[in-house]
Amino acid sequence: MKQEFKIIADLIEKNKRVLDVGCGDGTLIEFLKQNKEVDARGIEILKNNVQKSISKGLIVIEGDAEKELFQFPNKSFDYVILSQTLQAFVNPEIVINELLRIGKKAIVTIPNFGYWKVRLDLLIKGTMPVTKNLPDEWYNTPNIHMCTIKDFFNFCKHRNIKLDKSLAFHDKRTSAINSNNLNLKNLSAELGIFLIEK
Amino acid sequence: MNNTNNIKKIIVDKPLKLDCGKIINNFPIAYETYGSLNDKKDNAILIFHALTGDQFVSGINPITKKDGWWSYAVGPNKAIDTNKYFIICANVIGGCMGSYGPSDIDPKSNKILGTNFPVITINDMVNAQYNLLDFFKIKKLFCVTGGSMGGMQVLQFVANFPDKAKIAIPIACTASHSAQNIAFNELGRQSIMADTNWSNGNYSNEKSNPDKGLSVARMAAHITYLSKNGLQEKFGRKLQERDDLKFSFDADFQIESYLRYQGSVFVDRFDANSYLYITRAMDYFDLIKQYGGNLSKAFTNTKTKFFIISFTSDWLYPTSENKDIVIALNAIGANVGFVEIESDKGHDSFLLNVPKFLETMKNYINASYIKD
């Protein structure tokens with residue numbers, strides 16, 4: 001069980017309606033159903049993953065989140081989750097807007113490109129960073145819109161998106177991000193976890 | 001036609017008002033069952049058959065002596081497990097395997113009903129089969145499922161009876177028959193009607209059935225059930241038991257011989273008038289129009305859990321049309337899963353040995369049965 005999923009679960013109240021966008025093989029949905037008794041759905045682009053989810057009896061539809069979120073009505077979910085997928089979209093801003101349209105709240109997690117190891121990689125080696133969270137090379141990575149914790153934080157401010165919770169995750173620990181410690185957290189955290197609403 | 005004396009039947013004494021306005025009484029529904037109903041009566045699965053199917057889903061069909069039409073999916077330990085579930089399948093009204101249809105004898109004239117049989121719809125078929133729930137004293141089915149026209153019946157069933165099935169699995173179908181679907185069906189009907197033996201539907205003598213017309217209809221339809229790649233891979237330009245072209249209109253190519261064979265075996269088991277009536281029912285199927293242009297409204301009152309399946313190479317009921325059903329269900333926050341299965345076997349994929357499909361369906365059904 002990924003530590004990240006436990007942090008996401010802690011942000012969610014019991015018995016709510018949840019949509020996991022890019023739900024993979026359904027691990028998070030299953031975890032949330034068991035621990036938070038939520039009514040959880042998923043949308044996933046890879047057939048194999050959809051088949052795995054369906055086989056577990058989970059409610060998952062095959063589809064491209066970039067094009068197919070339109071089918072969900074406004075505020076039809078209490079929470080919409082996007083776990084480490086934002087950077088793979090052609091147009092992340094449209095996706096964020098869709099998450100906030102269909103969800104009362106959204107939980108977005110991002111691999112932090114501002115993490116010091118990532119910065120050092122580029123500084124010392126002069127090559128695109130390859131890390132545990134970002135294991136692909138520049139030529140085959142699905143991650144086409146990398147951002148930092150600071151980027152996402154500022155994006156929300158500029159777009160009047162309310163940051164209910166901003167968490168930095170590093171070395172199995174989470175800590176709160178605020179305007180004062182933003183630069184520090186942007187350097188020290190591997191992952192940013194945000195609970196947002198509009 | 002078929003010797004249907006040894007077929008299980010119920011006689012429905014409740015009058016049924018058809019969409020055409022006519023009321024039918026005391027009509028037979030032929031059915032078959034597999035597995036056994038448990039004490040809680042919560043393990044029943046109603047399967048709806050497609051255009052040329054019948055109630056003999058699995059095992060050996062006692063009339064044709066061939067494997068049941070869904071033998072790959074239904075049987076002990078299979079996707080629809082007869083060891084666990086009680087499976088019911090009925091012949092649709094309009095059919096020719098024992099249910100009320102155009103080959104029934106009109107007692108007044110002692111001839112077949114032929115075109116005096118009323119035009120029926122998918123809605124009529126579903127309402128007629130609903131009587132089986134009363135017969136078996138089943139309050140709520142565990143599952144309704146079927147492919148193609150069977151899938152259309154699944155959709156209609158849930159729309160008509162929103163609290164009578166726990167899960168619904170419509171496969172390779174549509175909520176509204178497209179112009180292309182209607183066009184292919186019309187081609188088949190015209191082929192039958194162009195056969196002089198058809199005689200406006202009043203054939204009844206074994207020797208004068210419109211076999212030519214019916215077999216051409218079947219040949220044309222069969223092409224629509226396969227994919228271009230599937231055909232190319234299986235037949236290509238291979239010749240039929242000859243080394244070279246014969247410069248004639250014999251079946252030089254294997255694909256020609258195959259289609260002729262498919263046509264010829266079909267006429268032994270299927271009634272031409274039934275083909276007319278059932279294709280008409282499919283063409284009239286438009287659940288979107290039935291619910292005022294909004295498919296979501298067909299399902300507003302249901303708690304039934306849907307799982308919709310389409311196939312990549314199915315161009316007759318393509319993924320996009322299956323997805324429209326998913327979209328309509330999501331629009332009202334209904335419970336819906338969806339997957340498109342990779343297969344080059346075309347529309348027929350749901351009837352064939354497509355392991356990913358069978359495995360996914362099996363796991364979904366079993367997981368849904370365990371949960372609550």
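So, in the range A:79-115, of the ones that are under 15 Å from A:Met146 (Cα atoms) and in a helix (DSSP H, G or I), which residue ends up nearest to the chain's Cα centre (by Cα)?
Our first condition is that a residue be under 15 Å from A:Met146 (Cα atoms); within the range A:79-115, this holds for A:82-93, A:95-96, A:108-115.
Those still in the list that are in a helix (DSSP H, G or I) too: A:86-88, A:92-93, A:95-96.
On the way: A:Leu86: 6, A:Gln87: 9, A:Ala88: 11, A:Pro92: 11, A:Glu93: 13, A:Val95: 11, A:Ile96: 10 Å.
Applying the filter and picking the extreme gives A:Leu86.
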### Task
Would you please name the residue that is surrounded by the fewest Cβ atoms within 10 Å (Cβ to Cβ), looking only at residues in the range B:170-220 that are of a type in the set (Asp, Glu) and in contact with a helix residue (DSSP H, G or I) (Cβ under 9 Å, 6 or more places away or on another chain)?
B:Glu186
### Task
Scan the range B:171-183 and report the pairs whose first residue is within 19 Å of B:Phe350 (Cα to Cα) and whose second residue is of a type in the set (D, E, K, R) and in a helix (DSSP H, G or I), with Cβ atoms within less than 8 Å and a gap of 6+ or a chain change.
B:Cys173/B:Glu321; B:Thr174/B:Glu321; B:Thr174/B:Asp324; B:Ala175/B:Glu321; B:Ala175/B:Asp324; B:His177/B:Asp283; B:Asn181/B:Asp283
### Summary
Taking the range A:50-81 and keeping only residues that are within 10 Å of A:Cys23 (Cβ to Cβ), in contact with a Gly (Cβ under 7 Å, 6 or more places away or on another chain) and either more than 11 Å from every other protein chain (Cβ to nearest Cβ) or surrounded by fewer than 19 Cβ atoms within 10 Å (Cβ to Cβ) (or both), one is left with A:Ala65
### Task
Go through (1) surrounded by 24 or more Cβ atoms within 10 Å (Cβ to Cβ); (2) in contact with a strand residue (DSSP E or B) (Cβ under 9 Å, 6 or more places away or on another chain) one by one and return the number of the condition B:Lys362 breaks.
(1)
### Summary
Scanning the range B:206-260 residue by residue, those closer than 20 Å to B:Leu316 by Cα, among the polar types (S, T, N, Q) and in contact (Cβ under 8 Å) with a residue 60 or more places away in the chain turn out to be B:Thr224, B:Ser227, B:Asn229
### Message
Looking for something in a loop (DSSP other than H, G, I, E, B) and over 19 Å from B:Ala281 (Cβ atoms) - is there at least one such residue anywhere in the range B:172-186?
### Response
no
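Residue by residue through the range B:95-117, note down the ones that are in a loop (DSSP other than H, G, I, E, B) and either touching a strand residue (DSSP E or B) at 6+ places or on another chain (Cβ under 7 Å) or acidic (Asp, Glu) (or both). Don't jump to the end; show me each part of the working.
Step one: filter the range B:95-117 for residues in a loop (DSSP other than H, G, I, E, B), giving B:95-104, B:107-110, B:113, B:117.
B:Met97, B:Gly98, B:Ser99, B:Tyr100, B:Pro102, B:Ser103, B:Asp104, B:Leu113, listed by residue number.
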#### Entry: Close pairs (8 angstrom Cβ cut-off, 6 or more residues apart or separate chains): at the interface with chain A (Cβ under 8 Å from one of its Cβ atoms) in the range B:351-372, hydroxyl-bearing (Ser, Thr, Tyr) and buried (at least 17 other Cβ atoms within 10 Å of the Cβ) anywhere
B:Lys356/B:Ser343; B:Glu359/A:Ser55; B:Thr360/A:Ser55; B:Asn363/A:Ser55; B:Tyr364/A:Ser55; B:Ala367/A:Ser55
### Task
Please work out if B:Ile332 is at the interface with another protein chain (Cβ under 10 Å from one of its Cβ atoms) and part of a loop (DSSP other than H, G, I, E, B).
yes
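Would you please name the residue that is nearest to B:Ala334 (Cα to Cα), looking only at residues in the range A:22-48 that are within 10 Å of another protein chain (Cβ to nearest Cβ) and buried (at least 18 other Cβ atoms within 10 Å of the Cβ)?
Quick first cut of the range A:22-48, residues within 10 Å of another protein chain (Cβ to nearest Cβ) only: A:33, A:39, A:41-44, A:47-48.
Imposing the further condition that a residue be buried (at least 18 other Cβ atoms within 10 Å of the Cβ) reduces the set to A:33, A:41-44.
Working: A:Lys33: 17, A:Arg41: 10, A:Gly42: 13, A:Ile43: 14, A:Glu44: 18 Å.
That would be A:Arg41.
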## Note on the structure
(1) crowded, with 17+ Cβ neighbours inside 10 Å; (2) outside any strand (DSSP E or B); (3) out of contact with any Asp or Glu (no Cβ under 9 Å at 6 or more places or on another chain) all hold for A:Ser166 apart from (2)
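From the list A:Asn143, A:Asn186, A:Asn180, which residue is within 18 Å of the chain's Cα centre (by Cα), farther than 22 Å from A:Lys105 by Cβ and not in a helix (DSSP H, G or I)?
Details: A:Asn186 fails: not in a helix (DSSP H, G or I); A:Asn180 fails: within 18 Å of the chain's Cα centre (by Cα).
Just a single option satisfies the conditions, and that option is A:Asn143.
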### Query
Of the conditions (1) within 8 Å of another protein chain (Cβ to nearest Cβ); (2) among the small types (Gly, Ala, Ser); (3) touching a helix residue (DSSP H, G or I) at 6+ places or on another chain (Cβ under 9 Å); (4) in a helix (DSSP H, G or I), B:Gly337 fails just one. Which one is it?
(4)
### Task
Could you grab me the full set of residues in the range B:293-345 that are among the polar types (S, T, N, Q), buried (at least 24 other Cβ atoms within 10 Å of the Cβ) and farther than 30 Å from B:Gly230 by Cβ?
B:Thr304, B:Asn330
### Task
Please state which one of B:Ile122, B:Ile87, B:Ile105, B:Ile169 is in contact with a Lys or Arg (Cβ under 9 Å, 6 or more places away or on another chain), β-branched (Val, Ile, Thr) and outside the structural domain of B:Asn200 (by TED's automatic domain parsing).
B:Ile105
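Per-residue answers, yes or no, for (1) modelled with pLDDT of 95 or more; (2) within 27 Å of B:Ile80 (Cα to Cα):
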position	(1), (2)
B:Gly146	yes, yes
B:Gln180	yes, no
B:Asn205	no, no
B:Tyr225	yes, yes
B:Arg237	yes, no
### Query
A:Lys125 fails exactly one of the following numbered conditions: (1) touching a strand residue (DSSP E or B) at 6+ places or on another chain (Cβ under 7 Å); (2) surrounded by fewer than 18 Cβ atoms within 10 Å (Cβ to Cβ); (3) of a type in the set (Lys, Arg). What is the number of that condition?
(1)
### Task
Taking B:Ile7 as meeting all but one of (1) in a strand (DSSP E or B); (2) β-branched (Val, Ile, Thr); (3) crowded, with 20+ Cβ neighbours inside 10 Å, write down the number of the exception.
(1)
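Do we find that A:Pro92 is surrounded by 13 or more Cβ atoms within 10 Å (Cβ to Cβ) and out of contact with any strand residue (DSSP E or B) (no Cβ under 9 Å at 6 or more places or on another chain) in this structure?
On the way: surrounded by 13 or more Cβ atoms within 10 Å (Cβ to Cβ): yes; out of contact with any strand residue (DSSP E or B) (no Cβ under 9 Å at 6 or more places or on another chain): yes.
Yes.
Just to be sure I understand, how many residues within the range B:340-350 are within 9 Å of chain A (Cβ to nearest Cβ) and among the hydrophobic types (A, V, I, L, M, F, W, C)? Outline the logic, then answer.
Quick first cut of the range B:340-350, residues within 9 Å of chain A (Cβ to nearest Cβ) only: B:340-342.
Filter once more, so that each one left must be among the hydrophobic types (A, V, I, L, M, F, W, C): B:341.
The total comes to 1.
Checking the condition without any contact (Cβ under 8 Å) to a residue 40 or more places away in the chain and within 20 Å of A:Glu66 (Cβ to Cβ), which residue from A:Asp151, A:Asp121 passes?
The conditions single out A:Asp151.
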### Query
Does any residue in the range B:44-64 that is under 10 Å from B:Asn91 (Cα atoms) come within less than 6 Å, Cβ to Cβ, of a residue that is at pLDDT below 95 six or more places away or on a different chain, and which pairs are these?
none
### Query
Does B:Asp286 count as away from every other protein chain (no Cβ under 12 Å) and crowded, with 19+ Cβ neighbours inside 10 Å?
no
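The values are calculated or read from the model by the stated rules, or taken from the named source; none is laboratory data. Note that the structure is a prediction, hence the values are computed from the model and not measured. We place every Cβ from the backbone using ideal geometry, glycine too, and count neighbours over all the protein chains shown.
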